[in-house]
Amino acid sequence: MGQPHPPTDVPGWVRARSHRDDGARYAPGHITRSPKVRDSRWRHMFRRGLLGGTFDRVHKGHARLINQALEQCAHLEIWITSDDVAKTKDERCWDWSRRRSEIEMIDDPDSRSRVSFDVLHDSFGPATEHLDADAIICTNETLPGCEEINRIRIENQMKPLEIIVIEHARGSDGQLISSSRIRNGRIDQSGELFIHESDFNGARTLSPKVELMLKTPFGTLHEGPESDHAIALTKALESIQSDSNIVAVGDVTVLGLLKLSCTPDIAIIDGMTQRDNWPNTKLIDHSKFDIVSSTQNPAGKLTPQLFETCKSAVNSLNYGSKSLIIVDGEEDLSPIVLHLMLPIDSVIIYGQPGRGVVTRVTDLETKKNCRAILESMALDSP
């Protein structure tokens, strides 16, 4: 039989606005409220709620959506888009099983028995014909889809679903937290920015603590002889996904990739190798790049000029432009800045003298590590 619908005259209840209420839009956070009565029959306003989405890189907004839905629904069906559907949105979306696992990690253990999962193959899934559901959960962004679902249900002489609209979560910059912003490398799953405006205000200097942290190769080492860089670089390229942005740091690495007919999406050079002038820098063909820019960055520092130049190069990726950055000074620390700015799944390649080359994928862990390193560097006085 399920739980009975709660009364509308009990103090503390706010009646859910339905499709029948004069066509008014739904005010986020004001659709329903948990009852302030002790009778367990009225603990949840709805018997079975439906929630659909991609749920890639599960974040604070997803957690809010699920938790508030569980406050109002005795059981919650979470319909996660299939891998085929998710990949049409963005190739970087995780597979279905991983997305489900991420949701399960944020679930309250006491609520897990009230949640079920299924695969969503299209926009509406089972919602237009579901016999047991009495509510559907959405944000203002997805509200029109829920209204269309109810239109179809009414057309088919079925009872419409009550629509619960939950407000988006916002990040530290006041913008909406979204999976696309996370994949694009702007924020973490809590909505915290990886790059702050204050990062452009002053130079940072390498500290002994950070220097020690950077002694260990920051990524995967691909070994090869010093006499033939192509061996290590070929191994590195074979390990990289075909659709990843490739960022090359260092003159030897950039020239080596160009010789292998691979033009990096971003290349950064300083005319030196192992802190000595390198005559072969002149062999790097600038015409392979759409944008060539120069910047200043002394050894052991990260300057605002380097931040600005890297930012422009990363933004140019959106237009398919390849950038070459020529540094007057030293580019050794530039991966710290670049990882913080790059989209998820980008790859930085740099040389490891006497051993080969290192690749490091830009993921959330990498970004958090780089943020910690940056904040450990001393900020120069104005």
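Is region 80-98 home to any residue that is charged (D, E, K, R), farther than 20 Å from Glu162 by Cα, free of Cβ contacts under 8 Å to residues at least 60 places away in the same chain and part of a strand (DSSP E or B)?
no
Regarding Asp345, is this residue in contact with a strand residue (DSSP E or B) (Cβ under 9 Å, 6 or more places away or on another chain), at positive phi and of a type in the set (D, E, K, R)?
Here the answer is yes, as Asp345 does meet what is asked.
State which residue is surrounded by the most Cβ atoms within 10 Å (Cβ to Cβ) when the search covers only region 312-336 and only residues that are more than 13 Å from Ile268 (Cβ to Cβ) and either of a type outside the set (A, V, I, L, M, F, W, C) or not assigned by TED's automatic domain parsing to the domain that holds Leu206 (or both).
Selected residue: Ser316.
A quick yes/no check of all residues on (1) crowded, with 20+ Cβ neighbours inside 10 Å; (2) outside the structural domain of Arg360 (by TED's automatic domain parsing); (3) assigned to a helix (DSSP H, G or I); (4) of a type in the set (Val, Ile, Thr):
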| residue | (1), (2), (3), (4) |
| --- | --- |
| Ser227 | no, no, no, no |
| Ala230 | no, no, yes, no |
| Gln241 | no, no, no, no |
| Ala248 | yes, no, no, no |
| Ser261 | no, no, no, no |
| Ile268 | yes, no, no, yes |
| Lys282 | no, no, yes, no |
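Out of region 69-89, which residues are among the acidic types (Asp, Glu) and under 18 Å from the mean Cα position of the chain (by Cα)?
Selection gives Asp83 alone.
Within region 286-303, can one find any residue that is surrounded by 17 or more Cβ atoms within 10 Å (Cβ to Cβ), of a type in the set (D, E, K, R) and out of contact with any helix residue (DSSP H, G or I) (no Cβ under 8 Å at 6 or more places or on another chain)?
yes
If Phe218 passes every condition in (1) free of Cβ contacts under 8 Å to residues at least 24 places away in the same chain; (2) assigned to a loop (DSSP other than H, G, I, E, B) but one, which one does it miss?
Here Phe218 meets the rest and fails (1).
With respect to the numbered conditions (1) modelled with pLDDT of 95 or more; (2) farther than 29 Å from Ser207 by Cβ, which one is the sole condition not fulfilled by Pro279?
With respect to (1) modelled with pLDDT of 95 or more; (2) farther than 29 Å from Ser207 by Cβ, Pro279 is out only on (1).
Checking the structure you have, find out if any residue of region 287-303 is of a type in the set (A, V, I, L, M) and at pLDDT below 95.
yes
Which of (1) crowded, with 20+ Cβ neighbours inside 10 Å; (2) in contact with a Ser or Thr (Cβ under 7 Å, 6 or more places away or on another chain); (3) closer than 30 Å to Thr81 by Cβ does Leu193 not meet, given it meets every other one?
So Leu193 meets the others, but not (1).
Confirm whether Val292 is over 16 Å from Leu338 (Cβ atoms) and in contact (Cβ under 8 Å) with a residue 12 or more places away in the chain.
yes
Is it the case that Ser113 is over 17 Å from Ile166 (Cβ atoms), at pLDDT 95 or above and of a type in the set (Gly, Ala, Ser)?
No; evaluated as a whole, the condition is false for this residue.
Taking the condition outside any strand (DSSP E or B), assigned by TED's automatic domain parsing to the domain that holds Gly53, over 23 Å from Asp188 (Cβ atoms) and free of Cβ contacts under 8 Å to residues at least 40 places away in the same chain, does Arg153 pass?
Yes, satisfied.
The values are calculated or read from the model by the stated rules, or taken from the named source; none is laboratory data. The shown structure was predicted, so the numbers you read here are calculated from the model rather than taken from an experiment. Note: ideal-geometry Cβ built from the backbone for every residue, glycine included; neighbour counts use all protein chains shown.
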